[in-house]
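Visitor: Below are the structure tokens for one structure; questions will follow.
Just so it is clear, none of the values below were taken in a lab; they were calculated from the coordinates. Everything numeric here is computed off the predicted structure, so don't read it as measured data. Neighbour counts are summed over all protein chains in view; Cβ atoms, including those assigned to glycine, are modelled from backbone coordinates with ideal geometry.
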């Protein structure tokens, strides 16, 4: 999935595990899991070190939890053999149509060369009415808009990380949302650039990241 070699950068590193936690450790994600029927099938795309997979498994010991990533960096031994190694930008998922109740992709899309294949495959393997939980850097904040105006760049996309894909609102709607309806949207805690001690409310105006809860049509 990454455009750089796994030896240079991988989803299994500590930085990526931290970026996943902004969703998986929040009450809104735990509440979503608590509402799900027992024994469902879950697929975590870009599973990295397996943090999201483990949170899901701990919420329901009977859940069938799988992952997919460009390398298998899952640390929890019981989950390692549930990971399929592939490139989400190029490869079809090795699962039948309508195999999963929930698909998650936490801070993954921005790394992909071909996010549209990724979106189509997520829709394909989801059951009708299944949930797709998708998070990525937000371009909606005041800070992102000012940065684009001044520098023609978007917050979270620079030469020192491998974030390469940013979708405008309308492109997201006509590609990702063609197979999904939007159920909920959540934002990371708000911030002020270069002033780390200041915290603002979680909203599209001040937050770095956004999480969509989508339902397959």
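Visitor: Return the distance in nm (one decimal) between the two label points of a simple spin-label model at residue 204 and residue 34, each offset 7 Å from Cα along Cα→Cβ.
Guide: Modelled inter-label distance: 2.8 nm.
Visitor: Of the candidates 45, 167, 112, which one comes out as most mobile in a Gaussian network treatment of the chain with C-alpha springs shorter than 10 Å?
Guide: 167
Visitor: Continuing with this model, one more query. For n ≥ 4 DSSP H runs only, could you compute -39500 (n - 2.57) per run for the chain, divide by its residues and tell me the 222 nm figure to the nearest 500?
Guide: Helix contribution divided over all residues of the chain: -8000 deg cm²/dmol.
Visitor: With a cut-off of 8 Å between alpha carbons and a minimum separation of six or more residues, what is the relative contact order of the chain in percent?
Guide: It comes to 18 percent, rounded to a whole number.
Visitor: Same structure, new question: Sort 211, 47 so the one with the fewest other Cβ atoms within 10 Å of its own Cβ comes first.
Guide: Least crowded to most crowded, the residues run 211, 47.
Visitor: Which order do 180, 136 fall in if you start with the one that has the fewest other Cβ atoms within 10 Å?
Guide: Ascending number of Cβ neighbours within 10 Å: 180, 136.
Visitor: Compute the FRET efficiency between residue 98 and residue 182 as 1/(1 + (r/R0)^6), taking r as their Cβ-Cβ distance and R0 = 22 Å, and round to the nearest 0.05.
Guide: Efficiency at R0 = 22 Å is approximately 0.60.
Visitor: Taking the number of other C-beta atoms within 10 Å as the exposure measure, put 111, 76, 163 in order starting with the fewest.
Guide: Fewest-to-most Cβ neighbours within 10 Å comes out as 76, 163, 111.
Visitor: To continue, here is another question. Once you place label points 7 Å from the Cα toward the Cβ at residue 84 and residue 149, how far apart are they in nm?
Guide: Taking the simple label geometry, residue 84 and residue 149 are separated by 4.6 nm.
Visitor: Rule-of-thumb check for the chain: C-alpha Rg over 2.2 N^0.38 Å?
Guide: 0.98
Visitor: Moving on to the next point. Using only Cα atoms and rounding to the nearest 10 degrees, what angle (0 to 90) does helix 14-24 make with the longest principal axis of the chain?
Guide: 80
Visitor: I need the calculated FRET efficiency for the pair residue 26 and residue 142, taking r as the beta carbon distance and R₀ as 22 Å, to the nearest 0.05.
Guide: Computed FRET efficiency for residue 26 and residue 142: 0.50.
Visitor: Taking 45 Å as R0, compute the FRET efficiency from the Cβ-Cβ separation of residue 58 and residue 113 and round it to 0.05.
Guide: Given R0 = 45 Å and the Cβ-Cβ separation, E is 0.85.
Visitor: Which whole-number percent gives the relative contact order of region 88-217, counting Cα pairs below 8 Å spaced six or more residues apart?
Guide: Dividing the mean separation by the residue count of region 88-217 yields 29 percent.
Visitor: Of 61, 110, 121, which is the most mobile in a GNM of the chain whose springs link Cα atoms less than 10 angstrom apart?
Guide: Judging by the Gaussian network model, the answer is 61.
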